[in-house]
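The values are calculated or read from the model by the stated rules, or taken from the named source; none is laboratory data. All values reported here derive from a predicted model rather than from experimental measurement. Don't worry about glycine lacking a Cβ; one is built from the backbone with ideal geometry, like all the others, and counts go over all protein chains shown.
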Amino acid sequence: MRISVDRKSEYYKSNCVGLKPYLNGKYVRGCVEADDINGWVRKYRFDNDGNYVMAKFQDYILEEIVYGIVELRKENEEKE
């Protein structure tokens with residue numbers, strides 16, 4: 001399944017707020033879009049201090065795509 005919180009995406013789903021993305025078993029902070037079938041997550045970039053990385057001379061946060069085993073879990077769902 002592919003989900004997105006980006007309103008410009010054709011995969012935008014307003015009801016995906018309760019889902020948490022995990023990549024290779026670790027929670028992904030700042031997820032914008034995720035695809036658990038093709039194994040990638042588009043997310044905001046963070047610096048070593050955990051702050052958003054802003055584009056130089058621009059007014060937006062940089063993004064990156066990371067690849068691996070993606071799981072979309074409900075917030076209260078625990079891994080067995």
Can you tell me how many residues within the stretch 55-80 are outside any strand (DSSP E or B) and modelled with pLDDT of 95 or more? 2
Give me the residue from the stretch 53-71 that is farther than 19 Å from L23 by Cα and of a type in the set (F, W, Y) and, out of that set, surrounded by the most Cβ atoms within 10 Å (Cβ to Cβ). Y60
Filtered residues of the stretch 1-22 (kept if farther than 11 Å from E71 by Cα, assigned to a strand (DSSP E or B) and aromatic (F, W, Y)): Y12
Among E10, E75, the single one that is touching a helix residue (DSSP H, G or I) at 6+ places or on another chain (Cβ under 7 Å) and exposed (fewer than 10 other Cβ atoms within 10 Å of the Cβ) is E75
Collect the residues in the stretch 32-54 that are out of contact with any Asp or Glu (no Cβ under 6 Å at 6 or more places or on another chain) and either assigned to a helix (DSSP H, G or I) or basic (K, R) (or both), keeping them in residue-number order. K43
Report yes if some residue within the stretch 23-31 is loosely packed, with under 10 Cβ neighbours inside 10 Å, at pLDDT 95 or above and not in a strand (DSSP E or B); otherwise report no. yes
